[in-house]
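We did not get these values from a lab; they are worked out from the coordinates using the rules stated. This one's a predicted model, so the numbers in the text were calculated from it and none came from an experiment. With ideal geometry, Cβ positions are generated from the backbone for all residues, glycine too; neighbour counts draw on all protein chains shown.
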Amino acid sequence: MQSVTTERHDDVLVVIVNNPPVNALSWHVRQGLKDSFEAGIADDGVKAIVLRCDGATFIAGADITEFGKAPQGPDFNAVLNMIELAPKPVVAAIHGTALGGGLETALVCHYRVAVPSAKLGVPEVKLGLLPGAGGTQRLPRVVGIDAAAMMVSSGDPLPAAKAQEMGLVDALAGEDSLAADAIAFAQGAIAKGPRPTRDRPITGDVGAIEKLKAANARKWKGFEAPYANLACVEAATRLPFEEGMTFERTEFMKLMTGSQSAAQRHMFFAERQAAKIDGLPKDTQLRTIKKVGVIGAGTMGGGISMNFLAAGIPVTIVEMAKEALDRGVGVIRKNYEASAAKGRFTTDKVEAMMGLLTPSLSFDDLADCDLVIEAVYESMDVKKDVFGKLDAIVKQGAILASNTSYLDVNEIASATKRPADVLGMHFFSPANVMKLLEVVRGDATAPDALATVMALSKKIGKVAVVAGVCHGFIGNRMLSQRQNPANQLLLEGATPAQIDKVHTDFGMPMGPFQMADLAGLDIGWHRDPSRIETLRDALCAAGRFGQKNGKGFYDYDEKRNGTPSAEALAIIEEFRATSNLAKREITDQEIIERTLYPMVNEGYKILEEGKAQRASDIDVVWIYGYGWPVYRGGPMFWGDLEGASKIVEALERHGVKVADSLKAKA
Ligand code: NAD
């Protein structure tokens with residue numbers, strides 16, 4: 001495979017990589033680089049070497065399809081060492097993106113020129129890794145400790161101008177004249193001679209590393225990779241280059257063979273996979289969505305509208321009464337203004353987005369919408385009434401969607417004469433923030449309607465997953481399998497704080513009872529204080545509705561910080577007495593077995609019933625919809641790590657009916 005070629009321009013040799021689509025560092029590229037540089041170094045007529053790429057980008061990174069496979073071709077580090085130690089100046093000419101192994105290749109070049117639109121970075125941390133081909137050792141020698149620490153731990157790429165300020169780029173080239181400008185730069189560098197990065201002194205203050213850790217303590221909680229990256233930069237400041245490289249290799253191997261990176265790489269592929277719809281003809285034509293209608297300006301309707309406004313798509317929002325409409329529109333404006341105050345965008349942008357919003361009290365104003373999303377109360381009667389009205393008013397060909405959390409989308413569709421145009425768009429709260437969108441495919445949903453909504457979701461910055469019709473779809477259906485046993489555990493002797501701590505230690509942003517308090521304990525409550533059938537009834541009867549009124553499973557201060565509540569615990573004790581359950585010691589392991597294993601089990605049932613297309617889609621739902629820690633790869637990936645037989649044994653011990661497919665796996 002010939003993916004590297006050379007060209008001679010007087011005394012400059014130009015080495016050109018051409019490995020579409022992103023010039024990844026596949027084995028044949030490494031081989032080509034080795035051969036070309038060896039020849040260039042041996043040729044006395046060559047006084048300088050330029051490395052550049054054809055196609056859309058510089059080397060964009062490692063070939064991640066080679067991960068986990070037997071190594072082939074020359075060792076990457078050996079190739080990099082040879083380039084770095086070349087006895088004549090080497091210049092990297094960068095366009096597109098120089099990421100990961102791509103930037104590491106640029107770092108062994110003695111000089112770097114880049115076009116203004118280029119981006120440079122080491123994103124390995126986002127896959128739970130570190131730049132393990134000298135990136136952590138060479139970067140501080142080029143940009144200093146502070147900038148290197150920031151780059152390796154955030155993984156965010158930098159624009160070329162910023163990279164030039166930091167010394168990562170020596171000169172900016174013309175957007176259309178990179179090849180020629182790089183040759184000219186190389187000719188100028190002949191007099192300066194080679195400049196091996198490993199020999200350059202490290203500047204800056206090592207204290208910057210601790211400061212960075214302190215500032216990101218919350219964000220990095222539970223993650224290994226940011227800390228491993230920083231440990232390597234710190235090592236570079238005190239060890240000779242070769243020893244630093246050994247340190248980096250050891251840290252890299254720990255990450256590479258650990259479960260966190262495996263989980264993060266799994267999620268990288270899972271997210272891309274989720275966009276694919278099984279059984280959809282390739283030539284499916286998408287419908288045009290130029291105008292969106294939203295019904296209901298409550299918690300969800302407002303948040304849903306914000307997504308479209310931010311993407312520049314006009315929204316007509318309809319409410320029943322003026323007061324609710326004004327309140328809903330007011331909340332949207334307040335949210336945008338708060339973001340503008342934080343500097344996320346300008347106040348002009350706020351006005352532009354608000355200008356795309358048309359508030360209305362009449363369904364008639366939805367007639368020319370291409371997509372209408374219903375976000376009214378969670379009641380089948382109300383929803384069917386709304387869809388019946390939409391059917392009579394909205395133009396043919398429009399997509400009619402429901403944001404229902406649990407209800408049967410087929411039944412909702414039956415209220416119309418066009419069930420093929422009906423589907424579920426289940427956003428998560430807060431709908432303008434949470435990235436997940438469950439797209440619920442009804443029995444009659446047309447393939448092009450489904451495909452249109454899946455494509456649209458990307459436009460509004462969501463990660464969409466296709467779900468089948470069932471109670472609670474993928475996410476909430478599994479959530480029930482966590483909440484029910486969690487409630488039961490309270491009656492057997494665990495406290496809300498104990499159960500929640502097991503979940504937050506696991507890496508969830510909050511535990512089941514913190515989440516219940518946040519959502520409100522009175523949701524779906526029958527509102528009769530004398531009727532106490534569940535623990536929730538008992539808490540509501542005592543006026544404990546959750547965060548909204550400062551007391552639920554926990555007591556809350558004005559800043560909504562929760563602390564264990566003596567009153568709530570007393571209510572739990574009292575309710576236990578009526579249920580004839582004896583209080584006993586509950587271990588953290590039992591909490592995991594009874595609240596997390598049933599979720600995995602339910603995931604298998606969902607797959608058996610065809611309500612999710614693939615296991616990795618379920619992982620996407622939990623990571624983007626509920627904050628499952630990405631370093632644990634979602635419940636299905638985590639279930640595999642735990643081991644099917646261990647899970648089945650525990651579920652059976654606790655009397656849970658095990659999914660056939662899970663049993664078969666065990
Ligand atoms: P909400 O009570 O905050 O808002 C509902 C709004 O709909 C109210 O403002 C009400 O006036 C309006 N409305 C009711 N009937 C109407 C009608 N016929 N015409 C026009 N407007 C009407 O409720 P919400 O939390 O936004 O939930 C809405 C839907 O979203 C429900 O189906 C719910 O299950 C679902 N959902 C909620 C969440 C959540 O966390 N709140 C998350 C996902 C999905």
**Complete:** Mean separation of Cα contacts under 8 Å (at least 6 apart) over the residue count of the chain, i.e. the relative contact order in percent, is 9
**Request:** Could you list which residues have their amide H under 5 Å from that of residue 144, counting only those 5 or more apart in sequence or on another chain, with H placed in the peptide plane?
**Result:** 203
**Request:** Would you give the gap between the C-alpha center of the stretch 222-292 and the C-alpha center of the stretch 151-198, rounded to a whole Å?
**Result:** 26
**Asked** Can you give the relative contact order of the stretch 4-256 as a percent, counting alpha carbon pairs under 8 Å and 6+ residues apart?
**Response** 19
**Request:** Work out the length of the dipole vector of the stretch 425-527 about its Cα centre, built from +1 on the beta-carbon of each Lys and Arg and -1 on the beta-carbon of each Asp and Glu, and round it to the nearest 20 debye.
**Result:** 340
**Message:** If I model a spin label at residue 162 and residue 285 as a point 7 Å from the Cα along the Cα→Cβ vector, what separation in nanometres do I get?
**Reply:** 4.3
**Prompt:** In the stretch 458-537, with Lys and Arg counted as +1 and Asp and Glu as -1 at Cβ, which of these residues, 480, 502, 464, has the Cα nearest the positive end of the dipole, that is, farthest along it?
**Reply:** 464
**Message:** Taking the Cα centroid of the stretch 32-63 and of the stretch 124-149, what is the distance between the two, rounded to the nearest whole Å?
**Reply:** 22
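Between residue 273 and residue 665, what's the calculated FRET efficiency when r is the beta-carbon distance and R0 is 25 Å? Round to 0.05.
0.80
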**Message:** Could you compute how fast the stretch 508-609 diffuses translationally, taking Rh as the Kirkwood radius over C-alpha pairs and applying Stokes-Einstein at 37 °C with viscosity 0.692 mPa s? Give it in µm² per second.
**Reply:** 214
**Complete:** Whole-Å distance linking the alpha carbon centroid of the stretch 495-529 with that of the stretch 570-596 is 15
**Dipole magnitude of the stretch 374-458 about its Cα centre (Cβ charges: Lys, Arg +1; Asp, Glu -1), debye to nearest 20** = 300
**Message:** Using 0.36 nm times the number of residues separating residue 243 and residue 527, minus their current alpha carbon distance, what extension gain do you get?
**Reply:** 95.4 nm
**Fill in**
Over the chain, the sum of -39500 (n - 2.57) across DSSP H runs of at least four, divided by residue number and rounded to 500 deg cm²/dmol, gives at 222 nm -14500 deg cm²/dmol
**Message:** Skipping prolines and chain starts, which residues have an amide H placed within reach, meaning under 5 Å, of the one on residue 658, given they are 5 or more residues away or on another chain?
**Reply:** none
**Fill in**
The relative contact order of the stretch 292-471, taking Cα pairs under 8 Å that sit 6 or more residues apart, comes to a percentage of 21
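For a Förster distance of 51 Å, can you work out the FRET efficiency between the beta-carbons of residue 641 and residue 10, rounded to the nearest 0.05?
Approximately 0.30, to the nearest 0.05.
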**Request:** Please report the Cα spread of the stretch 4-256 along all three principal axes, rounded to whole Å, starting with the longest.
**Result:** 54, 39, 33
**³J(HN,Hα), Karplus 6.51/-1.76/1.60, whole Hz, each residue of the stretch 94-99, x for Gly, Pro** = 10, 9, x, 10, 10, 10
**Asked** Roughly what would the spin-label model give for residue 381 and residue 171, points 7 Å off Cα along C-beta, in nm?
**Response** 7.8
**Alpha-carbon spread of the stretch 78-189, three principal axes, descending order, Å** = 39, 30, 21
**Fill in**
The set of residues whose placed amide H lies less than 5 Å from the amide H of residue 552, leaving out same-chain residues fewer than 5 positions away, is 546
**Item:** Positive-end residue, the stretch 4-256 charge dipole about Cα centroid, Cβ charges, pick of 233, 107, 68
**Value:** 233
**Item:** Rough spin-label spacing in nm, given labels placed 7 Å along Cα→Cβ, for residue 585 and residue 561
**Value:** 3.2
**Item:** Net charge dipole size for the chain [Lys, Arg +1 and Asp, Glu -1 on Cβ; Debye, nearest 20]
**Value:** 320
**Asked** Which of 449, 373, 309 sits closest to the plus end of the dipole of the stretch 292-471, meaning its Cα is farthest towards the positive end, when Lys and Arg get +1 and Asp and Glu get -1 on the C-beta?
**Response** 309
**Asked** Across 10 Å bins from the origin, how do the percents of Cα pairs in the chain run, short distances first?
**Response** 3, 13, 20, 21, 19, 14, 7, 2, 0, 0
**Asked** Per residue Cα convex hull volume for the stretch 292-471, in cubic angstrom?
**Response** 97
**Request:** Using 0.36 nm per residue of separation minus the Cα-Cα distance, give me the extension gain between residue 519 and residue 534 in nm, one decimal.
**Result:** 3.7 nm
